[in-house]
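Visitor: Mind having a look at this structure? Questions to follow.
The values are calculated or read from the model by the stated rules, or taken from the named source; none is laboratory data. Nothing here was measured: the structure is a model prediction, and the numbers come from that model. Here Cβ is always computed from backbone atoms with ideal geometry, including for glycine, and neighbour counts include all displayed protein chains.
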């Protein structure tokens, strides 16, 4: 049986420019953070599927590091597929990010590693 490495698979997808989520074949539920089994049922029938890339800000806070570093936000985003993930909203002042704001994911980098970040969705 092949070794299951969900976290490594997730980052490999990001490195290839794809934001993927796991979904249980039996329940249809989406899962994030990557794992071996679905939390509710324990089903081990998870498959990788493309994420829509859309979500809604559930919570936000502004982190204010010592100068010269710039303030940034940390958000919890409810993905349209159901799971919630922590990230940040970029390309706008951190104080302008609001709960309920629609956002769209994109793959950014930090320390030369890919990660999912968000921008305000059109019309937000």
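Visitor: Report, ordered by the first and then the second residue, all pairs with beta carbons closer than 7 Å, sequence separation of six or more or different chains, a first member in the range 8-24 that is on the phi > 0 side of the Ramachandran plot and touching a residue at least 12 places away in the same chain (Cβ under 8 Å), and a second member that is part of a strand (DSSP E or B) and surrounded by 13 or more Cβ atoms within 10 Å (Cβ to Cβ).
Guide: The qualifying pairs are 17/107.
Visitor: If you don't mind, there's one more thing I want to ask. Select, from 16, 22, the only residue that is outside the structural domain of residue 95 (by TED's automatic domain parsing), touching a strand residue (DSSP E or B) at 6+ places or on another chain (Cβ under 8 Å) and either more than 27 Å from residue 99 (Cα to Cα) or at pLDDT 95 or above (or both).
Guide: Checking each option against the conditions leaves just 22.
Visitor: (1) within 18 Å of the chain's Cα centre (by Cα); (2) in the same structural domain as residue 107 (by TED's automatic domain parsing); (3) surrounded by 12 or more Cβ atoms within 10 Å (Cβ to Cβ); (4) without any contact (Cβ under 8 Å) to a residue 40 or more places away in the chain: which one isn't true of residue 63, the others all being true?
Guide: (1)
Visitor: Can you tell which of 73, 91 is in the same structural domain as residue 113 (by TED's automatic domain parsing), within 13 Å of residue 118 (Cα to Cα), more than 14 Å from the chain's Cα centre (by Cα) and not in a loop (DSSP other than H, G, I, E, B)?
Guide: None of the others qualify; the one that does is 73.
Visitor: Which of the numbered conditions does residue 29 fail, given that it passes all the others? Conditions: (1) outside the structural domain of residue 106 (by TED's automatic domain parsing); (2) closer than 26 Å to residue 109 by Cα; (3) in contact (Cβ under 8 Å) with a residue 24 or more places away in the chain.
Guide: (2)
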